Amino acid sequence: VYRAPNASVLYNFQVTGATYGLTVSGGNLISVGVADTIYINTGISGSVSSSFASPGTSTKGLAALDGNLISCDETGDNISHHVGITSTISNTFVAPGGNPTGLTVIDGDLISCDRSLENIYRHDGISGSILETISSPSVEPMGLTYDGVNLISCDKTNNLIYVHDGFSSTILRSFTSPVTAPEGMAFDGENVIVNGNNNNVYVLGNSPL
């Protein structure tokens, strides 16, 4: 039985500078903060094992595919594909909107959102080519993640989290975020993780739809 994230909180913890994007790679939480530093944490915790400078001056969203980090720079309007979880960049391309803020991956395709245009985009692999565009339910879409079944998005302005029906604009469930102004989202294989502007990270519970 599919279990979607809900408003219950299993546990929470503080992380270093993580007011923006989150992702999980190799079982470790990866976060980025206002100083444009990307932090590799030990497991799903706030314990930093290493860090490096992000390629942008306003890095927001993070995602990972096959052990390689992907980041987006809102000010530079671009998306960077890293080599592993390092500062080395293999490819950079222009984001489809003017203010890219959230990233995730679905079946090998990058998913990005733009908080000004309020759109969510499905890319052709990890490239600037767009396969599909859907309208975001959010006034200010920021974080994205994928739980293996459905896209999950958050609205910074209205403090809401949305469970989409697959990759579509149809919403199966919405609920109030446990953190004010949610920005980053990730999925650790069991639970959705969300953070906001107070450097607290919340691991959410789930329940059948």
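Brief remarks follow.
- Of all residue pairs spaced 6 or more apart or on separate chains, those with beta-carbon atoms under 6 Å, a first member in the range 136-154 that is under 15 Å from residue 109 (Cβ atoms) and a second member that is part of a strand (DSSP E or B) and small (Gly, Ala, Ser) are 144/102; 144/153; 145/186.
- Odd one out for residue 104 among (1) of a type in the set (Ser, Thr, Tyr); (2) under 22 Å from residue 183 (Cβ atoms); (3) more than 13 Å from the chain's Cα centre (by Cα): (3)
- Test result for residue 48, among the aliphatic types (A, V, I, L, M), under 16 Å from the mean Cα position of the chain (by Cα), open to solvent by 40 Å² or more (accessible area, probe 1.4 Å) and within 15 Å of residue 195 (Cβ to Cβ): no
- Of note, residue 134 does not satisfy the criterion of being among the aliphatic types (A, V, I, L, M), modelled with pLDDT of 95 or more, part of a strand (DSSP E or B) and under 14 Å from the mean Cα position of the chain (by Cα).
- Among the candidates 68, 41, residue that is open to solvent by 30 Å² or more (accessible area, probe 1.4 Å) and either at pLDDT 95 or above or of a type in the set (A, V, I, L, M) (or both): 68
- When residue 170 is tested against (1) free of Cβ contacts under 8 Å to residues at least 24 places away in the same chain; (2) open to solvent by less than 20 Å² (accessible area, probe 1.4 Å); (3) farther than 18 Å from residue 61 by Cβ; (4) of a type outside the set (Lys, Arg), only condition (2) is not met.
- When the range 1-20 is filtered for residues that are of a type in the set (Gly, Ala, Ser) and either surrounded by fewer than 19 Cβ atoms within 10 Å (Cβ to Cβ) or at pLDDT 95 or above (or both), the ones remaining, listed by number, are 4, 7, 8, 17.
- Only one entry of 158, 198 meets the criterion of being in a loop (DSSP other than H, G, I, E, B) and within 19 Å of residue 39 (Cα to Cα), and that entry is 198.
- Residues within the range 155-167 that are hydroxyl-bearing (Ser, Thr, Tyr) and surrounded by fewer than 18 Cβ atoms within 10 Å (Cβ to Cβ), tallied: 1
- Among strands (runs of 3 or more DSSP E) entirely within the range 47-97, having at least 1 residues that are touching a residue at least 60 places away in the same chain (Cβ under 8 Å) and closer than 24 Å to residue 188 by Cα singles out 59-65.
- Taking the listed residues 191, 99, the one that is open to solvent by 10 Å² or more (accessible area, probe 1.4 Å), in contact with a Leu (Cβ under 8 Å, 6 or more places away or on another chain) and farther than 26 Å from residue 45 by Cα is 99, with no other qualifying.
- Residues satisfying the stated conditions in the range 106-127, i.e. in a loop (DSSP other than H, G, I, E, B) and open to solvent by less than 40 Å² (accessible area, probe 1.4 Å): 108, 125, 126, 127
The values are calculated or read from the model by the stated rules, or taken from the named source; none is laboratory data. Predicted, not measured: the structure shown is a model, and the values here were computed from it. Backbone-built Cβ (ideal geometry, glycine too); neighbour counts: all protein chains shown. What goes into the accessible areas is simple: the full protein's heavy atoms, side chains included, and nothing from ligands, DNA or RNA. Shrake-Rupley method; radii C 1.70, N 1.55, O 1.52, S 1.80 Å.
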